[in-house]
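Notes to accompany the following structure.
The values are calculated or read from the model by the stated rules, or taken from the named source; none is laboratory data. The structure presented is a predicted model; accordingly, all values stated were derived computationally and were not measured. Neighbour counts run over all protein chains shown; Cβ positions are idealised from the backbone, glycine included.
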Amino acid sequence: MGSNMARRLKECGFPIAAVYDMNTVAAQSLAQELGGEACADLRQVTKLSDVIITVVTDDKAMKQIYVGGILSRSKGKLFINCATITPAVHVWVEGKAEKAGAQSLEACMASSITQAREGTLYLMLGGKPEAFERAKPVLEKLSASMRYVGPAGKAAEVKALVNMVMNINTAALAEGLGLGAALGLDLTMLREVFSQTGANSRVLQTDGEDMQNREHSCFFSAAHAAKDSGIALKLSKQAGLNLPLAAATRKQYDRMVKEGLGELDKSGIAELTFTGRHQK
């Protein structure tokens, strides 16, 4: 996601001054492609940049970079954070940034790799209004649509719910198609019927054919689906709500990770439901 966002911004006339990644080979390759510096230290990223966009995996990674030097001499800088992480961590990041004299904005993405490259992401933004206004020229080049939700943490709450519902829909579709296959139904016909009835969903459009054909090239991994469902369940616990469908879905994605299928696309959950596949 991050590399394709950088390519898009470069294409739109923004200079990419610095690139940082734990995978140094990937960072060096992208920096050479885009004309920036592959930095070995987060401090150098901030030194060279006015706007720093972060795309990390989870809470732990986010905390590591924000205590690992990225806020060094960051007064006046703008940090746009695009990870799907716990809302409380976004609030923590904003506090750390403000203490350093910088601004922070959460920019949660509800799209995938292709949209990042095309600049057609759907973005949910959270943070101070002035940070949002400052970030707009960059965000407009990355997105087809964006929604300012409110204070820090609120966009992350919305993103957690988006992914929770998406993951439940994906698991339900896998079970429907898996049962259809077990009954000997033509799955292409079944998907067409689903699309014209109450069984229709965005997931049917993006994942249905892939489930049928066992094509699970990764755009959004099962491991990330497990992590994001966990974020939503943590929020539900805080709110005192019982969400049995979300809990069951997370168990399925946790099982994929445990059985070595975590790097498959989320559509790979069908491997757990179709007779004769990975099912146990």
Go through segment 213-240 and report how many residues are more than 14 Å from ALA270 (Cα to Cα) and of a type in the set (D, E, K, R). 4
If you go through ALA270, ALA246, the only one that is in a helix (DSSP H, G or I), out of contact with any Ser or Thr (no Cβ under 7 Å at 6 or more places or on another chain) and modelled with pLDDT of 95 or more is ALA270
Take GLY178 and tell me if it is over 21 Å from THR84 (Cβ atoms), out of contact with any His (no Cβ under 6 Å at 6 or more places or on another chain) and either touching a residue at least 60 places away in the same chain (Cβ under 8 Å) or surrounded by 20 or more Cβ atoms within 10 Å (Cβ to Cβ) (or both). yes
Tell me, yes or no, whether segment 82-90 has at least one residue that is more than 29 Å from SER221 (Cα to Cα) and in contact with a strand residue (DSSP E or B) (Cβ under 7 Å, 6 or more places away or on another chain). no
Hey, does segment 158-172 have a residue that's among the basic types (Lys, Arg), in a helix (DSSP H, G or I) and without any contact (Cβ under 8 Å) to a residue 12 or more places away in the chain? no
Tally of residues being crowded, with 18+ Cβ neighbours inside 10 Å and outside any loop (DSSP other than H, G, I, E, B) across segment 97-112: 8
Criterion (over 18 Å from the mean Cα position of the chain (by Cα), more than 17 Å from ALA116 (Cα to Cα) and among the hydrophobic types (A, V, I, L, M, F, W, C)) met by exactly one of ALA27, ALA88: ALA27
May I ask you to say which residue of GLN64, GLN115 is within 29 Å of TYR253 (Cα to Cα), part of a helix (DSSP H, G or I) and at pLDDT below 95? GLN115
